[in-house]
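Encoded as structure tokens, the structure appears first; notes follow it.
The values are calculated or read from the model by the stated rules, or taken from the named source; none is laboratory data. Please read all numbers here as calculations on a predicted model, not as lab measurements. Cβ placement follows ideal geometry from the backbone for every residue including glycine, while neighbour counts extend to all protein chains displayed.
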Amino acid sequence: MPGNRGEDSGKKGLRLNSPMQPIAAKNSNGTILEVRNLKKHFSLTSSMILQKVVGWIKAVDGVSFSIRRGETLGLVGESGCGKTTTGRCILQLDRPTSGEVIFKGKDLTRIADVELRGIRPKIQVIFQDPFSSLNPRMTIGQIVGEGPSVFKLVANRKDLKERVAHLLSTVGLNPTMASRYPHELSGGQRQRVGVARALSMEASFIICDEPVSALDVSIQAQIINLLEDLQEKLNLTYLFIAHDLSVVRHISDRVAVMYLGKIVEITGRQELYDNPLHPYTQALLSAVPIPDPVVEARRAPIILKGEIPSPLNPPPGCVFHPRCFEAQKECSQEAPELREVQPNHWVSCLRF
Amino acid sequence: MLLEVRNLRTQFFTPEGVVRAVDGVSFDIQEGETVALVGESGCGKSVSALSIMGLIPNPPGRIVEGEIQFRGRDLRVLDAEGMRKIRGKEIAMIFQEPMTSLNPVLTIGRQLTEALEMHLQMKPQEAGNRAMEFLKLVGIPDPRRRLSQYPHQFSGGMRQRVMIAMALCCEPRLILADEPTTALDVTIQAQILELLKDTCRRLHVAIIIITHNLGVVARYADRVNVMYAGKIVETGSSRGIYQSPRHPYTLGLLHSVPRLDQPRKAKLDPIEGQPPDLADLPAGCSFQPRCKFAVVKCNQETPSLCEVGENHWSACWVWERVGGGSA
């Protein structure tokens, strides 16, 4: 089937050729971010006063991945799997317990605060909830213009005003909105403001933490299209954190699946959706209902038993084994490593 | 016929004006079937459910018009005492937030037995046994110990199971499930919906499932009512609506979500614009400002539901030009 929109034809037969393409899909001029063996453990103390440590919550427990310039890495998982903490550790909003976060050749976990301040503008974040992530007492203009004026990216007020107007029109808002307050805007419009704020510092790398999950379906598509257009226009790199697998497939070049603080599978988007190898990925994919009753009638979803264990007391061996429908005896004893089992397809499961 | 809602209008009288949350909605529920109310936030789907339950806060809200016939009785003319006998017994409700809809200072056991003692006049011992039976039915391990625990000792998924047990334990004829899984993770959502469907089928309970998730509707509903700005704009069997949507809003919704079973589209196809302000609705069809198919007539006259196929109704002037083929 040569010549057509090849890379995303849902047919299984095509996937043999695919391992190379998810990575080469967009202009891949080098790695922009590399995360190596990232760990973030929160301590649990016994009382307010004595502060005796009684346990550790391993929110992120040895996560490694890299992102190339101009690509989108999707990070999926259920609540509590550590995907947001991973994002916060990259931003150094939470200082990692151990591991490296190498952004454009610099390890952010080791550099001094002063230097970090210089790098921060280049990494921006779009938050999930457009209702609580915008200061209700600031106008849209002040919210979008705060960064540029603090970092002196503009010479004077007139410049700032122009810059804000330009940013607002870039994200599809009327520049006159600059004088309005967040409560006057709808959810979709607020999320556009969040995007404009992330763009205001001329960032090259944006962490999108569930940017559409608080929005209505018809508005979700508007924001996703906006993010894609901006990526193309400004050569942005995204780490797209989400739990909605259909959205993640749409926007990502590669996808990493997290479970209980660990990455269990990472590969190109088409490969992941055509050929999921980890049982958890398979269960996640089959749990997503498809908006078509005819297709649904033919599917037999894998229903996982039990719930996500507490990261305070993770199960021994493979963290997924108590819920796994393929689990064998050794799964409760030996923890699997993330290994490349097929070209560019990494899985952490003892069966491979 | 289990439930018959006719021309329901629920309005909220606010300083900003009259909010027409539900604006002339009619639908039926048969015994044992699953019907979905689909739409986005603010389209009136939850207010419809609260109206049926007689739970509209007054003031500011009031049902200004319409009939709600439940097994031959008009619920609107019942007094508070009469309504209390139906609520929780014959019609039960499952709310979206399992975190806030259970009382944090009462044990799960107390919350389950309260309804049994009130509605079925059970003795505490008998009620306790039945509560345990239902916790077991919804798949909560070790139910005897769990009965004496408090909501904070349960996870989100477990709390939603408790809510389902609570809704089912008085053997209602109808359950109103308002976004029952929206707050839950995908794998837990699949567990809970499967449980709800199985137990309701077994006990022959009808469900009105209120959701914005088109996939959930496709998987679980027999019939669908699509709501927009307080009105039902399309209604029919799930298959009919998904295969040949005849209202531009339904078509737009189906096109705007990425689908896992189909090749990835280069671009998503969103519905442009914003939903209207319910206190200030546009003239004519409420969807017309966002509609790709709109003609002059659309901003002059409000279309009402007309039959567009077998058991398939759409409120659109130009439905013949909309969809038709597979979505």
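Miscellaneous remarks
- Residues of the range A:211-226 that turn out to be in contact (Cβ under 8 Å) with a residue 60 or more places away in the chain and surrounded by fewer than 21 Cβ atoms within 10 Å (Cβ to Cβ), as a count: 2
- The range B:156-180, residues that are facing another protein chain (nearest Cβ under 10 Å) and either β-branched (Val, Ile, Thr) or under 17 Å from residue B:111 (Cβ atoms) (or both): B:156, B:158
- Residues that are of a type in the set (A, V, I, L, M, F, W, C) and either part of a helix (DSSP H, G or I) or more than 13 Å from every other protein chain (Cβ to nearest Cβ) (or both), drawn from the range A:241-275: A:241, A:245, A:247, A:248, A:251, A:256, A:263, A:264, A:266, A:272
- Test result for residue B:172, surrounded by 24 or more Cβ atoms within 10 Å (Cβ to Cβ) and not in a strand (DSSP E or B): no
- Odd one out for residue B:63, checked against (1) touching a His at 6+ places or on another chain (Cβ under 8 Å); (2) in a strand (DSSP E or B): (1)
- Test result for residue A:97, of a type in the set (S, T, N, Q) and under 17 Å from the mean Cα position of the chain (by Cα): no
- Candidates in the range A:293-319 are the residues that are crowded, with 18+ Cβ neighbours inside 10 Å and β-branched (Val, Ile, Thr); of these, the one that is nearest to the other protein chains (Cβ to nearest Cβ) is A:295.
- Residues of the range B:293-318 that turn out to be in contact with a strand residue (DSSP E or B) (Cβ under 8 Å, 6 or more places away or on another chain) and assigned to a loop (DSSP other than H, G, I, E, B), as a count: 4
- Odd one out for residue B:99, checked against (1) closer than 30 Å to residue B:65 by Cβ; (2) surrounded by fewer than 22 Cβ atoms within 10 Å (Cβ to Cβ): (1)
- Within the range B:228-253, restricting attention to residues that are within 7 Å of another protein chain (Cβ to nearest Cβ) and crowded, with 22+ Cβ neighbours inside 10 Å, the residue that is nearest to the chain's Cα centre (by Cα) is B:238.
- Test for residue B:211: is it within 14 Å of chain A (Cβ to nearest Cβ) and at pLDDT 90 or above: yes
- Subset of the range A:247-292 that is in contact (Cβ under 8 Å) with a residue 40 or more places away in the chain and charged (D, E, K, R) - its residue that is surrounded by the fewest Cβ atoms within 10 Å (Cβ to Cβ): A:274
- Near pairs, Cβ below 6 angstrom, 6+ apart or cross-chain, from the range B:258-279 (facing another protein chain (nearest Cβ under 7 Å)) to any residue that is outside any loop (DSSP other than H, G, I, E, B) and of a type in the set (Lys, Arg): B:271/B:290
- Residue within the range B:106-125 that is touching an Asp or Glu at 6+ places or on another chain (Cβ under 8 Å), in a strand (DSSP E or B) and of a type outside the set (Gly, Ala, Ser) present: no
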